[in-house]
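Below: the structure, in structure tokens.
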Amino acid sequence: MDLHYVRQGSGRPLLLVHGIGGSWRSWNTIMGPLAAEREVLAVDLPGHGASPALAGENSIGTFADALTAFLTEHDLLGIDAVGSSMGARLVLELARRGGVLGAVVSLDPGGFWQGWQIPVFYHSVAVSQKLVTALQPVMPALMHSAVGRTALLPQFSARPWALDAQQSTDEMYTLAHTPVFGEMLDQLAHGEVQKPAPRGSITEPLLIGWGRQDRVCLPSQSELALIKFPDARLYWFEHCGHFPQWDQPAETVRLILAVTGRRAFTDADLAPRKKPASTAPTAPRTAVIGAGLALLAGGIWLLAHRKKSA
């Protein structure tokens, strides 16, 4: 399958794989610094961005097959890879299969939830996507406001007010305009569980990074991830939500370059020298909460109005 992709920089190739409802633009916060040292290829997964959907089932398995076919077609088998969220699950699956990827960095991978965590993940993300879709007419204005980002994005970021406005706008657009979103969300929550990779089966560097404040893939899920991938090293991002490339971009770049460069490092070598500024929007906390409730109420009204008009 011919997936759309963007290529930047020069050097040893590095593949970037975005999450559900994203696109290659999900990596805009770190593509420049990575491309200064590597040839970076950021793909749009099937049914995301500018890539067409698969003809049949959309699942982790079929997406992994599509990525393998893409890498084979472009003579890129063995490429180092970084994945985020669903993309992090995909690069783990490809590492498990063997012979597809080189060094792998998996950032906050989905698919390691159990029990009550499954419906919480499914329904919270489904509601968020529906709200974002309903608010599309006013989304650019909301994302260019620190209060708007704080009200809408706390599920995905530990510091939503500090996110780049255009990055947030792009992500909210693709989240609302991904035709396979519903199917992939159901597959992530209720589809085939991630198969394990026995100890010693993955010989290339493998690192799983996790945000301490991840509210999509809870930090406790890292325990199961390490049980299923015992060859992996775990790295914690402090003051970070579901997307380290958003909340801690410089640290994420250092981590990716160290792992894929096969360099020895300690966690202290990569951690920020100082705690990131935590200054919230200038609006009072009650105003931020009120804005969030107003957005939620407005989104619910829009959804109800659309159903009545249908």
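Evaluate the range 150-170: report whether one residue or more is under 30 Å from residue 68 (Cβ atoms), under 14 Å from the mean Cα position of the chain (by Cα) and either among the β-branched types (Val, Ile, Thr) or surrounded by 21 or more Cβ atoms within 10 Å (Cβ to Cβ) (or both).
Scanning the range 150-170 turns up at least one residue that is under 30 Å from residue 68 (Cβ atoms), under 14 Å from the mean Cα position of the chain (by Cα) and either among the β-branched types (Val, Ile, Thr) or surrounded by 21 or more Cβ atoms within 10 Å (Cβ to Cβ) (or both).
Taking the range 33-63, which residues are closer than 22 Å to residue 126 by Cβ and assigned to a helix (DSSP H, G or I)?
Answer for the range 33-63, where residues must be closer than 22 Å to residue 126 by Cβ and assigned to a helix (DSSP H, G or I): 60, 61, 62, 63.
For the range 150-189, which positions are of a type in the set (Asp, Glu), part of a helix (DSSP H, G or I) and closer than 20 Å to residue 213 by Cβ?
The one that is of a type in the set (Asp, Glu), part of a helix (DSSP H, G or I) and closer than 20 Å to residue 213 by Cβ: 171.
Applying the selection to the range 132-144, what residues are in contact with a helix residue (DSSP H, G or I) (Cβ under 8 Å, 6 or more places away or on another chain) and within 15 Å of residue 168 (Cα to Cα)?
Pass one, the range 132-144, residues in contact with a helix residue (DSSP H, G or I) (Cβ under 8 Å, 6 or more places away or on another chain): 132-136, 139-144.
If the condition is that a residue be in contact with a helix residue (DSSP H, G or I) (Cβ under 8 Å, 6 or more places away or on another chain) and within 15 Å of residue 168 (Cα to Cα), then 132, 133, 135, 136, 139, 140, 141, 142, 143, 144 are the ones that fit.
Identify, from the list 252, 266, the residue that is out of contact with any Lys or Arg (no Cβ under 9 Å at 6 or more places or on another chain), among the hydroxyl-bearing types (Ser, Thr, Tyr) and without any contact (Cβ under 8 Å) to a residue 24 or more places away in the chain.
The unique qualifying residue is 266.
Regarding residue 59, is this residue of a type in the set (S, T, N, Q) and touching a helix residue (DSSP H, G or I) at 6+ places or on another chain (Cβ under 6 Å)? Spell out how you get there, then give the answer.
Numbers: of a type in the set (S, T, N, Q): yes; touching a helix residue (DSSP H, G or I) at 6+ places or on another chain (Cβ under 6 Å): yes.
Taking the combined requirement at face value, the residue satisfies it.
Among the candidates 88, 66, which residue alone is out of contact with any helix residue (DSSP H, G or I) (no Cβ under 7 Å at 6 or more places or on another chain), assigned to a helix (DSSP H, G or I) and within 19 Å of residue 224 (Cβ to Cβ)?
Exactly one of 88, 66 is out of contact with any helix residue (DSSP H, G or I) (no Cβ under 7 Å at 6 or more places or on another chain), assigned to a helix (DSSP H, G or I) and within 19 Å of residue 224 (Cβ to Cβ), namely 88.
I'm trying to understand the selection: among the residues of the range 132-149, which are part of a helix (DSSP H, G or I) and over 19 Å from the mean Cα position of the chain (by Cα)?
If the condition is that a residue be part of a helix (DSSP H, G or I) and over 19 Å from the mean Cα position of the chain (by Cα), then 134, 136, 137, 138, 139, 140, 141, 142, 146, 147, 148 are the ones that fit.
Quick check: anything in the range 23-32 assigned to a loop (DSSP other than H, G, I, E, B) and in contact with a Ser or Thr (Cβ under 9 Å, 6 or more places away or on another chain)?
Taking every residue of the range 23-32 in turn, at least one turns out to be assigned to a loop (DSSP other than H, G, I, E, B) and in contact with a Ser or Thr (Cβ under 9 Å, 6 or more places away or on another chain).
Please work out if residue 207 is touching a helix residue (DSSP H, G or I) at 6+ places or on another chain (Cβ under 7 Å) and either more than 18 Å from residue 125 (Cβ to Cβ) or assigned to a loop (DSSP other than H, G, I, E, B) (or both).
Yes.
How many residues, within the range 223-236, are closer than 8 Å to residue 208 by Cα and outside any strand (DSSP E or B)? First the steps, then the outcome.
Residues of the range 223-236 closer than 8 Å to residue 208 by Cα: 232-235.
From the residues that got through so far, the ones that are outside any strand (DSSP E or B) too are 232.
Residues flagged as closer than 8 Å to residue 208 by Cα and outside any strand (DSSP E or B) within the range 223-236 amount to 1.
Taking the options 251, 223, 238, name whichever one is acidic (Asp, Glu) and crowded, with 21+ Cβ neighbours inside 10 Å.
Testing whether each residue is acidic (Asp, Glu) and crowded, with 21+ Cβ neighbours inside 10 Å leaves just 251.
Can you find even one residue in the range 19-35 that is over 26 Å from residue 157 (Cα atoms), more than 18 Å from the chain's Cα centre (by Cα) and small (Gly, Ala, Ser)?
Of all residues in the range 19-35, those over 26 Å from residue 157 (Cα atoms) come to none.
No, because not a single residue in the range 19-35 is over 26 Å from residue 157 (Cα atoms), more than 18 Å from the chain's Cα centre (by Cα) and small (Gly, Ala, Ser).
Can you name the residue in the range 21-43 that is buried (at least 18 other Cβ atoms within 10 Å of the Cβ) and in contact with a Pro (Cβ under 9 Å, 6 or more places away or on another chain) and, of all such residues, is farthest from residue 170 (Cα to Cα)?
Going through the qualifying residues, I end up with 38.
Every number in this text was worked out from the coordinates using simple rules, so none of it is lab data. Quick caveat, the model's predicted, so the values are computed rather than measured. When we count neighbours, we look across all protein chains shown, and the Cβ atoms used for this are built from the backbone with ideal geometry, even at glycine.
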